[in-house]
Amino acid sequence: MNNTVIIGNVLGLIGSLLMVGIGFIHNKNYILIGQILQFIVMGIGNLVLGGVSGFVSDMVGVLRNLYFLRWKTSKRAIVFFLLLQVVVAGISMILLGFKWRELLPIFATTLFTWKLDTKKESELKIILNICQLMWLVYDIVIMNYTTAFFDVLTICSNFVGMMRALKKEKMSESL
């Protein structure tokens, strides 16, 4: 394993640990600030490993969170940040050459953002797992193995959460 892969994986590990820590935070502003740090570290890790669209997704996430720290969330702002991500990732693919793997973070982030307002928790968990599977494939392809490990853990925890949500939804429907 060369130094670039090691450095990228160390950054991925640090970013993944930040992501886990953020799961324990309940204040929206602190979550956004924590994600900014996480996105910077993971984005640099992606870039070190040659994952340009992963870097773009993370940097757009930094801008989005900085915006939402100052102003309220709106559909217009969400659409703007999605378009920004697609345009910047598209330009980078034109300049650096198209690679199929670079579509995965774009698809994952776009799908997650569009479905974020889904009312049923079980449906949201399914969407989260689909998106996380895309990130898992991306992380494996760019050799970000530490982050891929956390992707698998996230998929497992979302699956358990989905099963609990389905059970809870069935119970509330029968009442």
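No value in this document is a laboratory result; all are computed from the given coordinates. Nothing here was measured: the structure is a model prediction, and the numbers come from that model. Counting neighbours? That spans all protein chains shown, and the Cβs are built from the backbone with ideal geometry, glycine included.
Brief remarks on what is shown
- For the stretch 133-160 versus the stretch 52-69, the gap between their alpha-carbon centres in whole angstrom: 19
- For the chain, the relative contact order comes to 22 percent (Cα pairs under 8 Å, sequence separation of at least 6).
- Dipole magnitude of the stretch 3-174 about its Cα centre (Cβ charges: Lys, Arg +1; Asp, Glu -1), debye to nearest 20: 560
- Positive-end residue of G43, V62, A77, charge dipole of the stretch 33-111 with Cβ unit charges: A77
- Entry note, the chain: the mean residue ellipticity at 222 nm calculated from DSSP H runs of n ≥ 4, each adding -39500 (n - 2.57), is -29000 deg cm²/dmol after division by the residues and rounding to the nearest 500.
- Mean Cβ neighbour count within 10 Å, used as a protection proxy, ranking 53-61, 86-94, 146-154 highest first: 53-61, 146-154, 86-94
- Here the stretch 3-174 is treated as a Stokes sphere of Kirkwood radius computed over C-alpha pairs; at 37 °C and 0.692 mPa s its diffusion coefficient rounds to 197 µm²/s.
- Under 22 Å of direct C-alpha separation, and excluding same-chain neighbours fewer than eight residues apart, K168 reaches these lysines: K115, K119, K120, K125.
- Working note: Karplus 6.51/-1.76/1.60 with θ = phi - 60° gives the stretch 133-150 the couplings 4, 5, 5, 4, 4, 4, 5, 5, 5, 8, 6, 8, 5, 5, 5, 4, 4, 5 Hz, where Gly and Pro are set to x.
- Whole-Hz ³J(HN,Hα) from phi, Karplus 6.51 cos²θ - 1.76 cosθ + 1.60, for the stretch 9-20, glycine and proline x: 6, 5, 4, x, 5, 4, x, 5, 5, 4, 4, 5
- HN-Hα J in Hz across the stretch 98-114 - Karplus 6.51, -1.76, 1.60, θ = phi - 60°, x for Gly and Pro: 6, 9, 4, 4, 5, 6, 4, x, 5, 4, 4, 5, 5, 4, 4, 5, 5
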